[in-house]
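The block underneath contains the structure these notes are about, expressed in structure tokens.
Read-outs: derived from the displayed coordinates by stated rules, not from any lab. What you see is a predicted model, and the numbers here were worked out from it, not measured in a lab. Using ideal geometry, Cβ is built from the backbone for each residue, glycine included, and neighbour counts are taken over all protein chains shown.
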Amino acid sequence: QYDWASEHDSRACRVAETEPAVAFDAWIGLAADAVGSGDVGLASERWKNAVASMSDRDWRQAVRRDWVATEMALMTGETVTAAAASEAAVRRSRSAIAPRHLAKSLLFTGVCAIELGEPERATLLLDEAAELASTLRLDPLVWPIESVLARLNESESERHRQTAPPAVLRLLADVPEPLAVGWEDRQERVDV
């Protein structure tokens, strides 16, 4: 899937050469693709290109920059740096009154809280993220949030485990055929 996404993000970079407004989206997408494939060096290089093409006044770009910064820092074990980036994304999302962005930012901040050994705080953050994601039908977020909550909170684990797979199945209804093939049969993708 990362190759497929990278192909489209690379096309966007070519368009960005004549349309500077799309440069940030293309580069941050490529950086996220590199994170997904586990290449933190490539992710960092692409992230820097994204930052260089940012608009100073675009809160959405700043939030997306912070998400990828969080992921890169988590990949390299820099938990405090990751937490700072994710918390900045939460502040920006709240300030912009952007619930979709806030849900994802809370997910990242909750994961950082787990890594920092703060399970109670993590639960509060992830519960808020889950509520937003569920209310807004943000299935791409419901699945990972519920999966993390299932691992974090043993007494509520079964409830969270039952919420995640239906979100994945709803997602599959909108996924292009080449990418959806095999997901239904791959329980490790659905189960938490």
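List of remarks:
- Extension gain for the segment GLU118 to TRP59, taken as residue separation times 0.36 nm less the Cα-Cα distance, is 18.4 nm to one decimal.
- The stretch 35-139: C-alpha gyration tensor shape, a/c 1.5 cut-off, then a/b vs b/c: oblate
- Counted charge near ALA85, where neighbours are those whose Cβ lies closer than 14 Å (Asp, Glu -1; Lys, Arg +1): 0
- Förster radius 22 Å - calculated FRET efficiency between ARG91 and ASP127, Cβ distance, rounded to 0.05: 0.70
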